[in-house]
Amino acid sequence: MLPFLLRPFVPKTPEQRQAFADWLKTGEGRQLLDNQKAALGELLPGIIGCRAIQVGISTQHNLLERCNLPFHWRLSSTVSSATDIVMSPADLPIANKCVDLVVLHHCLDFDDEPYRVLNEATRVLNPGGTLIVVGFNPFSLLGIKRLLSQRNQPPLSGRFLRIGRVSDWAGVCGCQTLGYVSGYHKQADESLGARINQYVWKRLGSFYVLMARKQAIPLHPLKSVAQNLLSELPANVITVPAARWQDNKEPS
């Protein structure tokens, strides 16, 4: 019998999510957040709309600082003073099609149902709205370190989903991927990184920021009842207005 090579998703515990939220407060965690803010700072100013939400494991740091949308909310699965709403990313307490921007910050890495999280984010987006997913990149030096070491400590305890996989899921949920950027090369030699950054490292950073847009469903006007009836008539039948038919009718 062939060995089963595919690994099922390992459930993420509340303790792991809290540990990651605490790790983001450390020096390395703050460096990661600073790099992510810089990457988002190049994308957010160009997004238009009215309402934006940041969904993450921790909302101690505002990732929407450069966002021009007037209304911002921060949603998290852990309690903090900066959290506006405490909820599960897989079950957002928001109505359909009422948000113009959703930023998922490492939600797919630390949730038991990453596809459902992505589907929920798409559900609350308006047609034409923007979805941004921030996650750990498995094809990076941090990803290699994760393969060669224990995964019980953050950030290595995250799921590290492939960017192509996240893009495919977004497409199934009705979003078109516009592209992605990558960053944070702390594990790389700085001199080497400086020489080949523009060719390699810009795609192999420890994290990725994927940007997608929710596609609008084209609407076709419904035909009137009369148009539907006429379209069902045989091709050799010529319709005559009732008034003219009465005028041409021979007397009995």
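The values are calculated or read from the model by the stated rules, or taken from the named source; none is laboratory data. Fair warning: this is a prediction, and the values are worked out from it, not measured in the lab. So basically every Cβ, Gly included, is an ideal-geometry build from the backbone, and we count neighbours across all protein chains shown.
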>> Looking at (1) out of contact with any strand residue (DSSP E or B) (no Cβ under 8 Å at 6 or more places or on another chain); (2) buried (at least 21 other Cβ atoms within 10 Å of the Cβ), which one does ASP91 not meet, given that it meets all the others?
In response: (2)
>> I'd like the full set of residues that are at negative phi, under 14 Å from the mean Cα position of the chain (by Cα), surrounded by fewer than 24 Cβ atoms within 10 Å (Cβ to Cβ) and not polar (S, T, N, Q), limited to the stretch 112-131.
In response: GLU113, TYR115, ARG116, VAL117, GLU120, ARG123, VAL124, PRO127
> Does ASP109 satisfy the condition of being touching a strand residue (DSSP E or B) at 6+ places or on another chain (Cβ under 7 Å) and either surrounded by 14 or more Cβ atoms within 10 Å (Cβ to Cβ) or not in a strand (DSSP E or B) (or both)?
Replying inline: yes
>> Here's a check for you: in the stretch 132-145, which residue that is surrounded by 20 or more Cβ atoms within 10 Å (Cβ to Cβ) and not β-branched (Val, Ile, Thr) is nearest to the chain's Cα centre (by Cα)?
In response: GLY135
>> Only one of LEU104, LEU75 is closer than 19 Å to ILE48 by Cα, in a strand (DSSP E or B) and in contact with a strand residue (DSSP E or B) (Cβ under 9 Å, 6 or more places away or on another chain). Can you tell me which?
In response: LEU104
>> Residue under question is ALA52, and the condition is that it be surrounded by 11 or more Cβ atoms within 10 Å (Cβ to Cβ) and modelled with pLDDT of 95 or more; does it hold?
In response: yes
> Does GLY29 satisfy the condition of being of a type outside the set (A, V, I, L, M), surrounded by 15 or more Cβ atoms within 10 Å (Cβ to Cβ), touching a helix residue (DSSP H, G or I) at 6+ places or on another chain (Cβ under 6 Å) and not in a strand (DSSP E or B)?
Replying inline: yes
> List pairs: first in the stretch 56-84 and without any contact (Cβ under 8 Å) to a residue 40 or more places away in the chain, second among the acidic types (Asp, Glu) and part of a loop (DSSP other than H, G, I, E, B), Cβ under 7 Å, 6+ apart or cross-chain?
Replying inline: TRP73/ASP84; ARG74/ASP84; LEU75/ASP84
> Does the stretch 4-20 include one or more residues that are exposed (fewer than 12 other Cβ atoms within 10 Å of the Cβ), farther than 26 Å from GLN150 by Cβ and not basic (Lys, Arg)?
Replying inline: no
>> Looking only at the stretch 47-81, filter to residues that are of a type in the set (D, E, K, R) and within 26 Å of ALA19 (Cα to Cα); which one of those is nearest to the chain's Cα centre (by Cα)?
In response: ARG74
>> What pairs come out if I take residues in the stretch 127-140 that are among the charged types (D, E, K, R) and pair them with residues that are in a strand (DSSP E or B) whose C-beta lies under 9 Å away, six or more apart or interchain?
In response: none
> Does the stretch 80-87 contain at least one residue that is in contact with a helix residue (DSSP H, G or I) (Cβ under 7 Å, 6 or more places away or on another chain) and not in a loop (DSSP other than H, G, I, E, B)?
Replying inline: no
>> Against the condition of a type in the set (A, V, I, L, M) and over 22 Å from GLY129 (Cα atoms), how does LEU33 come out, does it pass?
In response: yes
